[in-house]
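Please treat every number below as a calculation from the coordinates, not as lab data. Quick caveat, the model's predicted, so the values are computed rather than measured. Every residue, glycine as well, gets a Cβ built from its backbone with ideal geometry; the counts of neighbours run over all protein chains shown.
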């Protein structure tokens with residue numbers, strides 16, 4: 001049977017109709033939070049913080065943005081980075097762009113990034129090498145034009161050393177973003 | 001056009017002995033430079049040995065460098081890695097800079113033979129928040145419910161079907177006959 | 001004669017000279033030039049390969065040579081590179097002793113007496129160092145496991161310890177730090193026992209040269225890291241998980257475990273699945289699944305034990321390398337202090353892991 005998403009559309013139009021006319025349809029109106037909602041928020045944050053304090057959250061995973069790609073990593077993972085990378089073998093890097101951090105019971109989502117004082121992801125460069133020989137073959141049919149090239153591109157393999165929570169969720173330091181930096 | 005890469009051994013990224021998890025150990029254990037003392041093809045190797053070799057040996061104390069002069073033979077380098085692999089590279093008519101680059105390539109490799117990678121990441125812990133199964137988030141009432149059930153046996157999405165909507169639209173667009181005045 | 005000489009010369013040109021035991025390597029980086037070979041080359045090479053294969057079959061495999069028989073071999077340089085590669089400072093004499101086996105000394109003495117030189121060889125072997133190193137590896141591994149798995153009973157600790165100090169595991173470690181070419185021994189290809197003995201002796205030599213602290217870090221970085229990626233619950237199999245769980249709950253003063261069917265599907269098919277939950281005092285502990293009720297019950301009890309010991313699938317990642325800096329003192333303390341055995345295990349007596 002043919003079933004369309006029309007029912008959802010009807011609901012959508014209803015919602016839009018109740019909005020004030022000055023707001024454009026793609027914008028979202030946030031209502032004031034009810035007291036009960038605030039209580040739920042507080043309770044959730046307290047639960048997460050107590051797990052962090054007791055160190056009872058289990059294994060952590062993170063989504064990091066490294067060398068132009070988003071990667072899901074956890075302790076001990078190996079990731080491959082395509083193209084040349086400035087870090088040398090044996091170097092330890094800190095991945096600062098953490099988009100998401102998850103554990104068994106909670107997930108922290110960055111908007112777009114999590115605070116660097118909250119999460120720490122350390123990476124060791126284990127190998128830098130070249131890929132296998134790739135053939136780049138270009139041919140234009142019936143035009144008597146063809147070229148063949150051989151190419152081996154750079155890649156690095158990195159080992160994730162740790163994904164660690166370093167602070168509480170709602171407590172922000174007075175000065176942010178200077179953690180671990182040398183001026 | 002070459003399809004050689006299709007028959008290359010393929011595999012997944014890995015490191016010997018969990019390298020980088022505890023500490024990073026450079027994997028190149030020894031390298032042998034074979035060259036001719038007076039042939040033109042070995043000129044780059046000879047230049048490299050005269051100018052850069054001492055520095056190379058100092059920066060890589062974990063690697064043993066052997067020099068092996070051979071009369072009127074092409075120059076080459078043979079790298080031996082901790083995992084027992086050997087890699088051979090012909091250096092015929094290489095310039096000094098080329099020798100330097102290939103040596104650094106040999107140094108930073110892990111010794112695992114060149115292969116086509118099937119995946120660019122490796123994890124031993126694919127799921128941390130649990131793997132989905134058909135029982136995940138299932139309501140417990142289903143266990144004791146008797147089927148056929150009044151609510152549970154119905155389809156979940158019971159909005160109007162596309163056919164219903166078409167009939168609705170058709171009905172709306174029907175022009176009603178003007179009421180005939182009674183005589 | 002001249003023709004034969006020419007053929008031999010050509011064969012040498014095409015790479016038919018003496019080869020080592022390493023597999024022949026192909027030059028993958030080089031795009032070979034187009035060259036035209038005479039028509040006699042391919043059949044000649046084929047015939048020579050056939051004869052070589054026949055010879056190898058007769059001798060039981062191709063002949064292999066130790067790396068030290070090569071022309072390019074400098075043992076002093078190799079020893080220097082070995083310690084630098086690992087980033088450790090060794091006393092050179094101790095390291096040389098650690099790599100010298102009893103069999104090597106015996107062989108050399110016999111060789112000298114054959115020649116007629118009856119002088120006693122002043123070479124020490126690694127027997128004593130290997131014994132000391134074995135004890136050190138065992139001690140360091142236990143300390144690490146007890147500091148990291150604080151809630152785990154001693155039985156599981158011992159299972160992990162046995163895995164880490166097993167011959168197969170230590171052999172892999174020994175091979176991958178390059179001991180194969182450096183060991184002085186009479187057996188070739190080397191036996192796994194020789195690798196294990198050398199590795200143990202190297203650890204003892206390190207403890208003697210740079211102190212026990214460095215040796216502990218060395219063992220943590222190279223031996224203990226082999227635990228990564230392993231399901232530790234696979235290493236130890238409790239015979240009666242339901243009985244164990246009942247005993248633990250009884251000791252803690254809680255009610256007996258109550259097993260209840262949570263959900264099930266496909267009872268009359270071959271793909272039946274039952275989910276059984278464990279409750280105690282009406283509190284949910286864990287759930288397990290299986291193809292029959294008995295199996296599901298046992299799996300649920302196993303899951304409950306995992307929850308108590310903090311070894312469930314989502315357990316905390318094991319700390320390695322730099323992350324161990326803060327708990328090194330704790331590891332030293334716990335080296336000779338066993339965890340609670342399963343027969344006395346109570347969750348109040350064990351502290352939760354902090355690392």
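The figures follow:
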| read-out | value |
| --- | --- |
| Nearest-0.05 FRET efficiency for residue B:149 and residue B:173, computed from C-beta distance (R0 45 Å) | 0.70 |
| C:101, B:92 arranged by Cβ crowding within 10 Å, fewest neighbours leading | B:92, C:101 |
| Computed over chain C: relative contact order in percent, which uses C-alpha pairs under 8 Å that are six or more apart | 18 |
| Stokes-Einstein translational diffusion, chain B - Kirkwood Rh over all Cα pairs, 1.306 mPa s, 10 °C, in µm²/s | 66 |
| Fully extended contour minus Cα-Cα distance, from residue A:142 to residue A:65, at 0.36 nm per residue | 23.3 nm |
| Computed E for residue C:260/residue C:237 - FRET, C-beta separation, R0 35 angstrom, nearest 0.05 | 0.90 |
| DSSP beta bridges in the protein assembly as shown [antiparallel fraction, %, rounded to 5] | 90 |
| Sites residue B:73 and residue C:313, calculated FRET efficiency, Cβ-Cβ separation with R0 51 Å, nearest 0.05 | 0.30 |
| Chain B, relative contact order in percent, only Cα pairs under 8 angstrom and at least six apart counted | 26 |
| Relative contact order computed over region C:75-232 (Cα-Cα under 8 Å; 6+ residues apart), in percent | 35 |
| Theoretical ellipticity at 222 nm over the protein assembly as shown - DSSP helices of four or more residues, -39500 (n - 2.57) apiece, nearest 500 | -11000 deg cm²/dmol |
| Which of B:46, A:146, A:104 has the fewest Cβ neighbours within 10 Å, and the rest in rising order | A:146, A:104, B:46 |
| Ranking of C:208, A:174 by count of other Cβ atoms within 10 Å, fewest first | A:174, C:208 |
